[in-house]
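The values are calculated or read from the model by the stated rules, or taken from the named source; none is laboratory data. Bear in mind the structure is a predicted one, so any value in this text is a computation, not a measurement. Every residue, glycine as well, gets a Cβ built from its backbone with ideal geometry; the counts of neighbours run over all protein chains shown.
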Amino acid sequence: MPPTHRLLKSLLALLLSIALLPLGAHATDNNSLQLLQEPWSELLRHHVTTDGRLNYEGLQEDEDKLLGYLQSLRKVKPDPQAWSANDTKAFWLNTYNAAAAYLIVGYYPVASINDIRVKVMGGQKSPWEVPVVNVGGQSYSLNQIEREMLRNQFHDARVHFGLMNGAASSPAVLAEAYDGQRLDQQLDAQAKRFLNDPTFNQLTPQHVQLSGLFEAYAAEFGSESQVLEFVNRYARVPVLPTAKVEYLSFSWALNDRTGLSNSQALGRH
């Protein structure tokens, strides 16, 4: 074999060996993380509606692509020594959202994610408690990801504007994957979009009617004065510190492309 051919063959073998390394071994730079998330980002670009709902019927046609993305996570072990905090936070947001979407797609059409019961040995489990994704060889439920990998680890209430839990009263779904380099801007934009959407929150200087999401996670948003302070970080209409606060009911109807009318979303409880 001529020397040039041997050199070319060696180079190709080297490139192939690098490509086959577990993603966790070389996903320490943001370019690798972006490549990891690109399949999920592509699915979101195709199936998130302009008002931030998810087209599950369309996503069913790409179920194999979604499964392929989730299976790729088996090779990934988030490394807090190599990844930034925002890289890790973005990774778990994407993992949660893709796993929740895949779970719903498997049972679609369904009126609510809460109607899903997954058969396991000895009975059934709720969609929140059943293992739904394998990351780095370890299985996780949606509740584990939300509580252990996101809320308990980062103490950032904004993650609630990034989680896709399949509810019509939840914040709009972002039409791209979360990216560690831009995560703060993405979560701030999500919070601003949600808080200023009259479908979910009604804001005046003297009176605010907030999504039940704020009440459900009161421990993270803080006291009433802290909630108002948080709201004022994103509200287009400044809210007075003395404003009356009420919480609206939260609809667990599926956040498919039909969405909710204002009257459906804004019921008091």
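Summary of values
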quantity	calculated
Pairs where the first residue, in segment 151-170, is in contact (Cβ under 8 Å) with a residue 60 or more places away in the chain and on the phi > 0 side of the Ramachandran plot and the second is small (Gly, Ala, Ser) and assigned to a loop (DSSP other than H, G, I, E, B), C-beta under 9 Å, 6+ apart	GLY166/SER112
Residues located in segment 148-178, provided they are acidic (Asp, Glu) and in contact with a helix residue (DSSP H, G or I) (Cβ under 9 Å, 6 or more places away or on another chain)	ASP156, GLU176
Count of segment 128-140 residues which are touching a helix residue (DSSP H, G or I) at 6+ places or on another chain (Cβ under 9 Å) and either among the hydroxyl-bearing types (Ser, Thr, Tyr) or closer than 20 Å to ASP79 by Cβ (or both)	6
Criterion violated by TRP92 - all others in (1) outside any loop (DSSP other than H, G, I, E, B); (2) more than 11 Å from the chain's Cα centre (by Cα) satisfied	(2)
Segment 143-178 - residue that is among the acidic types (Asp, Glu) and surrounded by fewer than 19 Cβ atoms within 10 Å (Cβ to Cβ) and, of those, farthest from HIS46 (Cα to Cα)	GLU148
Flag if GLN144 is at pLDDT 95 or above, more than 17 Å from GLU215 (Cα to Cα) and polar (S, T, N, Q)	yes
Tally of residues being in contact (Cβ under 8 Å) with a residue 24 or more places away in the chain and surrounded by fewer than 17 Cβ atoms within 10 Å (Cβ to Cβ) across segment 181-190	3
Residues (assigned to a strand (DSSP E or B) and hydroxyl-bearing (Ser, Thr, Tyr)) located in segment 27-52	none
Residues of segment 191-228 satisfying the condition of being closer than 15 Å to ASP156 by Cα and without any contact (Cβ under 8 Å) to a residue 12 or more places away in the chain	ALA218, ALA219, GLY222, GLN226
Of residues in segment 49-70 being under 13 Å from PRO109 (Cα atoms) and not aromatic (Phe, Trp, Tyr), the one surrounded by the fewest Cβ atoms within 10 Å (Cβ to Cβ)	GLU57
Residues that are touching a helix residue (DSSP H, G or I) at 6+ places or on another chain (Cβ under 9 Å), at pLDDT 95 or above and not in a helix (DSSP H, G or I), drawn from segment 53-82	LEU54, ASN55, ASP62, VAL76
Hey, VAL135 under 21 Å from ARG45 (Cβ atoms), touching a residue at least 24 places away in the same chain (Cβ under 8 Å), β-branched (Val, Ile, Thr) and surrounded by 15 or more Cβ atoms within 10 Å (Cβ to Cβ) or not	no
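Okay, residues lined up against (1) of a type in the set (Asp, Glu); (2) over 18 Å from LEU36 (Cα atoms); (3) free of Cβ contacts under 8 Å to residues at least 12 places away in the same chain:
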| residue | (1), (2), (3) |
| --- | --- |
| ASN94 | no, no, no |
| ALA111 | no, yes, no |
| ILE116 | no, yes, no |
| LYS125 | no, yes, yes |
